[in-house]
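Read-outs: derived from the displayed coordinates by stated rules, not from any lab. Everything numeric in this text was worked out from a predicted model, so none of it was measured. With ideal geometry, Cβ positions are generated from the backbone for all residues, glycine too; neighbour counts draw on all protein chains shown.
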């Protein structure tokens, strides 16, 4: 018994094969980052007190991450000696004060002198935004995720108890995921974008701090 031939079966199979060969998934990530820093020719001793989160996103976790990233970027620049956070916690314990008490400049300077550093760094995350855009067609999908961060870092001179400089930093990270015929998928929100974006913002702030110190060596 012979099977009936399906009309245009060969053509349909050919189209499907070409579609599969042409299907693809691509990921493109762009981050505003600082590749290298200006060298001062000297190292400046600083202590990172806190980076407060003034946004509604991430609460304390975002603040802690920002402080760690700021410390990392300061060290990566090679221009700073950063007092260990453990030493700061020990001083606070000895003085029986909380980190929040350091918002008072007099208390902060007292702590800075005990830490034997020239500057105290404290900052805020003033803006944090996440935006997701997508196009979902029959044969293709595209999702674009964008994270934007703005930070302000204030530098306090321990000797004068004055804020000698305020550095602004802005970071942006974008990830675009494209797929066709369901291959690759677009996935959910990529949380690593927040860290990459924060590093870019704080890196720009560190770059501004170095620029100020280079132009004002006696400050």
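Would you mind ranking 72, 65 so that the residue whose beta carbon has the fewest other beta carbons within 10 Å leads the list? It would help to have the intermediate numbers written out before the result.
Working: 72 15, 65 18.
The order, fewest Cβ neighbours first, is 72, 65.
Quick check on packing: order 41-47, 86-92 by the mean number of other C-beta atoms within 10 Å, highest mean leading.
On the way: 41-47: 16.3, 86-92: 14.6.
With the highest mean Cβ count within 10 Å placed first, the list reads 41-47, 86-92.
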query: By how many nm would the segment from residue 214 to residue 45 grow when fully extended, if each residue of separation counts as 0.36 nm and the alpha-carbon distance is taken off?
result: 59.4 nm
message: Sort 166, 63, 160 by Cβ crowding within 10 Å, fewest neighbours at the top.
response: 160, 166, 63
